[in-house]
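One structure is given below, encoded as structure tokens.
The values are calculated or read from the model by the stated rules, or taken from the named source; none is laboratory data. As the structure is a computational prediction, the values presented were derived from the model and not from experiment. Counting neighbours? That spans all protein chains shown, and the Cβs are built from the backbone with ideal geometry, glycine included.
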Amino acid sequence: MITTDKLSCNILADLFVAHGIKDVVLSPGSRNSPLIVAIVRRNELRHHVVIDERSAAFIALGMAIESGCPVALVCTSGTALLNYAPAVAEAFYRGVPLIVISADRPEEWIDQDDSQTLWQQNALAPYVKRSCDLGAHLEFENGEWVCNRLINDALIEAVSGRKGPVHINVRLDAPLNRTAEFKAGDSRVIRQLTPPFELATPEARRLGEKLASPKRVLIIIGFHQPDERLNRALMKLSALPNVVVMTESIANLHSPSFISRIDMTLRILSANDWKKLQPDVVITAGGALVSRHVKEWIRSMDKGVEHWHVGLSHVTVDCFKHLSLRIEMEAAVFLRQLASALQIYKTPCDYSTEWHEIYRQATASHNEYVRNAPWCDLSAFSHIVSHIPRHWNLHLSNGTAVRYAQLMDCSHLHRSECNRGVSGIDGCTSTALGASVIYRGVTLLISGDMSFQYDIAALSSFLISPKFKMIVLCNSGGGIFRFISSTSDLPEMEEFLAVGTRLPLKDLAAGYGFAFFDASSSTELEKALAAFVAENRKPALLAVNTPPELSANVLKQYFERP
């Protein structure tokens, strides 16, 4: 085939194909033009062009989250790479494999006032599993071998153990537009075989004996991709009388036997309940928890409480300050083994019964409160979530949206996601958009107006289709700042923290080809949401206008209510 004459670029494209990478997000540039040529001339690779590098990186993140496969990113030299940093950091702390490819100039021109030159090779070092620098190798003996090995190594590292992003910096010298013959598929491929790992049966039995009734065991699952194996293991564990399973709204694990609305449940506990329901062992899996209430409760517990964390980690995670056991293996495998080991210890215990009675009371209390609430964020969010079709995927922005979702029944949803690796509000729209490219059904993003403003560039993407829908909660800026105690009483709160937004949503929708709907009352929302759901010719945007101060007060009273 005729392609670029830059060998490193052709080896890279060859190994993308060999290692099963399907999607590559490209941003325009001149220094990366040989990389673009090498990639787009390979029919096995799907390429997606996104001009804004920050948006491009979050779109790739969304694709990788939805597909479960690594997605590659390609940018030009200079500050383009630095725009990837927020999404790469999110991918690192979320365990998502991104293959970051940056074009670079020859090293001798860095710091010499040549355009688009800065030190790139370790620019993302804290947030990638591995970095490598390609360029000078090809000028020496064994150069092709070194280049091939380094690329293979990076692609293997991205999907090994705890998955995560890697960075390959490719130095390219002018001229950039030459072409040559290249034999595709001829590059050496290095593969890695990782045998499945399970606990030895005696060890599983020993741990099972340690958790036997009347020991009280609380299992909490943070954000997680859908996993039927893990779901089955947790269902088996939750059937034990001394075990309680709590799942967050973005854990994507569902069963009537789970406590799936943690903050809603904890809000009704009395001082006596907090003490009485204290577990002996807390087991966590998945990513960082949204619930501040459960974190503060466990941190306040007696020193005798043990915390076991299960999952592939890059560091010891001791969020509750009670960590006693780090289990470095897949949660689905460990909890399946643990469930089997515990079956012989199924003796009477009231722990599960007590929790589920509180859950029942909390659900009734929640329903009554929402039913009587005025038009506000809480009442609007409750109506929206209950009317999302079952086959839709839900993405949530950070701040208001994900916290309200914690209070709702999301068990009917196909999948729920939020950027909780580092919990930034930037890139939420682009992440959801990237996921919509992969998912065949509809992807819905519910965003606060401040989060939406961060990522308006995503609306200009050619990747947007009628499968992508957005609901923007317009409550005059950062509604969360009006609620949390650390900021709500500050005299500077409105001007400098909540910062009301200026969003001409109707005009933006028209300009970018979205069908537009809006609602400023319960009656209007019911009508607008039905039309919004039915729209299938265009992408759709629904603006939900709520009173900011009232919304914050309703939420405060929700948590103050006994």
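Considering only residues that are in contact with a strand residue (DSSP E or B) (Cβ under 8 Å, 6 or more places away or on another chain) and assigned to a loop (DSSP other than H, G, I, E, B), look in segment 305-318 and name the one that is surrounded by the fewest Cβ atoms within 10 Å (Cβ to Cβ). Only one residue fits best here, namely THR316. Determine whether segment 116-132 contains at least one residue that is surrounded by 16 or more Cβ atoms within 10 Å (Cβ to Cβ), among the small types (Gly, Ala, Ser) and free of Cβ contacts under 8 Å to residues at least 12 places away in the same chain. Taking every residue of segment 116-132 in turn, none turns out to be surrounded by 16 or more Cβ atoms within 10 Å (Cβ to Cβ), among the small types (Gly, Ala, Ser) and free of Cβ contacts under 8 Å to residues at least 12 places away in the same chain. For segment 70-86: of the residues being crowded, with 24+ Cβ neighbours inside 10 Å and part of a helix (DSSP H, G or I), which is farthest from the chain's Cα centre (by Cα)? Ranking the candidates gives LEU81 first.
Evaluation of LEU413 against the conditions (1) in contact (Cβ under 8 Å) with a residue 60 or more places away in the chain; (2) not in a helix (DSSP H, G or I) shows that the sole unmet condition is (1).
Counting only strands (runs of 3 or more DSSP E) wholly contained in segment 161-221, the ones carrying 1 or more residues that are more than 30 Å from GLN406 (Cβ to Cβ) occupy 166-171, 179-181. When ILE464 is evaluated against the numbered criteria (1) within 26 Å of SER551 (Cα to Cα); (2) part of a loop (DSSP other than H, G, I, E, B); (3) not basic (Lys, Arg), which criterion, by number, is the only one it fails? It is condition (1) that ILE464 fails. The C-beta contact set for segment 512-525 (first residue without any contact (Cβ under 8 Å) to a residue 40 or more places away in the chain, second residue among the aromatic types (Phe, Trp, Tyr), distance under 7 angstrom, 6+ apart or interchain) comprises PHE517/PHE532. For ILE220, indicate whether it is more than 30 Å from ASP350 (Cβ to Cβ), among the β-branched types (Val, Ile, Thr) and touching a residue at least 40 places away in the same chain (Cβ under 8 Å). Against the criterion (more than 30 Å from ASP350 (Cβ to Cβ), among the β-branched types (Val, Ile, Thr) and touching a residue at least 40 places away in the same chain (Cβ under 8 Å)), ILE220 does not qualify. Could you pull out the residue among ASN177, ASN169 that is in the same structural domain as LYS129 (by TED's automatic domain parsing), in contact (Cβ under 8 Å) with a residue 40 or more places away in the chain and either more than 20 Å from PRO70 (Cα to Cα) or surrounded by fewer than 19 Cβ atoms within 10 Å (Cβ to Cβ) (or both)? Just a single option satisfies the conditions, and that option is ASN177.
If the condition is being in contact with a helix residue (DSSP H, G or I) (Cβ under 7 Å, 6 or more places away or on another chain) and assigned to a loop (DSSP other than H, G, I, E, B), then segment 288-304 contributes LEU289, VAL290, SER291.
MET470 falls short on exactly one of the conditions (1) within 20 Å of GLY222 (Cβ to Cβ); (2) surrounded by 24 or more Cβ atoms within 10 Å (Cβ to Cβ); (3) of a type in the set (A, V, I, L, M), and that condition is (1). Note on segment 436-446: residues that are in contact with a Gly (Cβ under 9 Å, 6 or more places away or on another chain) and within 22 Å of ALA543 (Cβ to Cβ) amount to 2.
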